[in-house]
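The values are calculated or read from the model by the stated rules, or taken from the named source; none is laboratory data. Just so it is clear, the model here is predicted, and its values are computed rather than measured. When we count neighbours, we look across all protein chains shown, and the Cβ atoms used for this are built from the backbone with ideal geometry, even at glycine.
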Amino acid sequence: MAEQKAGADAILNSRGNRIGGARIIAVVIQKPGEPGRHYRLPTALDYEAVFRSANAVKEIADKKLPNDFYPIPDEERPDSAADRVRPYGALHFRDLTSCRQRLALAWLVEKCWDIKKPEIRRIFALVIGRCVDYWSSGAVWAAGGEFVAHTFGLQVIPIGWDFPEAVPWTDSSGNFEGAIDWVARVVENLPSKIANGQVQLADACDSPLPDLGANIWFTDPPYYDAIRYADLSDSFFVWLKRALPREDYLCDPFDQANPLTPKAREAVEDKQKLVNNRPKDRVFFEEVMAKAFEEGRRVLKDDGVACVVFAHKTTEGWEALLSG
């Protein structure tokens with residue numbers, strides 16, 4: 001399994017015949033005039049489509065985009081104690097998709113560059129992010145409803161022995177049109193729900209806010225060792241930074257050499273990660289949280305309100321937060 005890089009792809013010979021790797025179990029079809037879905041066995045034509053996609057990916061893999069990135073994510077995935085797929089060989093982000101899924105996402109990235117208006121281009125990039133959630137080997141076939149369910153249902157990248165490949169350009173579940181519809185509804189309704197504000201990326205232990213300047217200090221810090229938000233966000237980030245020009249928010253302001261999202265200073269308990277040759281253990285978590293809370297007290301007015309959102313299933317997680 002590790003040699004097959006988590007096994008999302010079929011291994012085909014020079015003639016397109018399957019000789020190993022992923023196997024197509026069934027093809028879901030809909031018949032005109034008949035309700036529900038039907039299932040048929042795969043044919044040689046189905047593997048021919050996989051073969052053509054694999055060759056197409058090879059053709060575009062070395063052609064750089066205008067922002068100097070290769071179209072297929074070649075970044076290595078960060079190692080983490082909670083990573084379920086890395087032990088099976090998914091060392092790079094490209095390993096989380098089949099060749100057909102990679103090709104479809106790369107095609108959307110290319111089309112994003114054709115959009116001239118920056119605002120529309122950014123919205124289209126969000127559509128690509130929505131597709132990333134459905135077009136991966138971590139997606140799930142919901143047998144009860146017979147539809148493609150998204151990857152991040154449990155805030156982890158799952159490892160499964162089967163996964164569905166959504167057909168992007170049809171009206172089936174997980175399709176491109178559905179992604180557009182979701183994002184369009186957000187764009188249509190969100191402006192009426194929020195007021196103007198300022199957003200700034202900064203370290204919670206070194207806030208840019210002045211002393212006693214905030215009426216409310218509201219924070220939702222990492223949940224100790226429960227969810228690796230920064231690691232999970234990389235699955236979307238590697239595609240978003242390819243779809244958009246080099247923008248300030250698509251790089252790590254704390255480490256210009258980091259090709260992924262900022263995480264060196266992230267307050268999590270993950271002993272496999274090192275900061276200044278020191279593991280991110282419980283003591284690290286407590287120290288960082290203590291510094292962040294000190295900063296929160298500094299910027300909060302004397303009559304201000306502080307609110308901390310935290311959840312964890314174990315007493316150890318709560319003790320680590322309160323000790324900090």
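List of remarks:
- Residues in the stretch 204-263 that are of a type in the set (Val, Ile, Thr) and touching a helix residue (DSSP H, G or I) at 6+ places or on another chain (Cβ under 9 Å): Thr219, Val238, Thr261.
- Filtered by the rule that a residue be of a type in the set (A, V, I, L, M, F, W, C), farther than 23 Å from Val85 by Cα and in contact with a Phe, Trp or Tyr (Cβ under 9 Å, 6 or more places away or on another chain), the stretch 217-243 gives a lone residue, Ala243.
- Against the conditions (1) more than 30 Å from Ile25 (Cα to Cα); (2) under 18 Å from the mean Cα position of the chain (by Cα); (3) part of a loop (DSSP other than H, G, I, E, B); (4) not polar (S, T, N, Q), Ala125 satisfies every one except (3).
- Condition check for Arg246: more than 30 Å from Gly213 (Cα to Cα), among the charged types (D, E, K, R) and in contact (Cβ under 8 Å) with a residue 12 or more places away in the chain: yes
- Residue that is farthest from Lys31 (Cα to Cα), among those in the stretch 160-186 that are among the β-branched types (Val, Ile, Thr) and touching a helix residue (DSSP H, G or I) at 6+ places or on another chain (Cβ under 6 Å): Val183
- The residue pairs whose first member lies in the stretch 135-156 and is in the same structural domain as Ala104 (by TED's automatic domain parsing), whose second member is β-branched (Val, Ile, Thr), and whose beta carbons are closer than 6 Å, counting only pairs six or more residues apart or on different chains, are Ser136/Thr97; Ser136/Thr151; Gly138/Thr151; Gly138/Ile157; Ala139/Val148; Ala139/Thr151; Ala149/Val140; Gln155/Ile227.
- Failed criterion for Trp217 (all others in (1) under 30 Å from Trp318 (Cα atoms); (2) without any contact (Cβ under 8 Å) to a residue 24 or more places away in the chain; (3) buried (at least 17 other Cβ atoms within 10 Å of the Cβ) hold): (2)
- The condition of being aliphatic (A, V, I, L, M), under 12 Å from Arg242 (Cβ atoms) and touching a residue at least 24 places away in the same chain (Cβ under 8 Å) holds for only one of Val109, Val85, Val50, Val57, that being Val109.
- Residue count for the stretch 180-215 under the criterion of being assigned to a strand (DSSP E or B) and over 26 Å from Pro253 (Cβ atoms): the result is 1.
- Failed item, numbered, when Asp281 is tested on (1) in contact (Cβ under 8 Å) with a residue 24 or more places away in the chain; (2) farther than 30 Å from Asp211 by Cβ: (1)
A quick yes/no check of all residues on (1) within 13 Å of Ser137 (Cα to Cα); (2) of a type in the set (Ser, Thr, Tyr); (3) touching a Pro at 6+ places or on another chain (Cβ under 9 Å); (4) at pLDDT 90 or above:
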residue: Pro71; (1), (2), (3), (4): no, no, no, yes
residue: Asp79; (1), (2), (3), (4): no, no, no, no
residue: Val85; (1), (2), (3), (4): yes, no, yes, no
residue: Leu91; (1), (2), (3), (4): no, no, no, yes
residue: Asp114; (1), (2), (3), (4): no, no, no, yes
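- Tally of residues being modelled with pLDDT under 90 and charged (D, E, K, R) across the stretch 169-187: 1
- Leading residue by the ranking (modelled with the lowest pLDDT) among those in the stretch 3-27 that are in contact with a helix residue (DSSP H, G or I) (Cβ under 9 Å, 6 or more places away or on another chain) and polar (S, T, N, Q): Gln4
- Within the stretch 1-45, the set of residues being acidic (Asp, Glu) and surrounded by 15 or more Cβ atoms within 10 Å (Cβ to Cβ) comprises Asp9 only.
- Restricted to the stretch 181-206, and to residues there that are of a type in the set (Gly, Ala, Ser) and out of contact with any strand residue (DSSP E or B) (no Cβ under 9 Å at 6 or more places or on another chain), the residue that is farthest from Glu119 (Cα to Cα) is Ala202.
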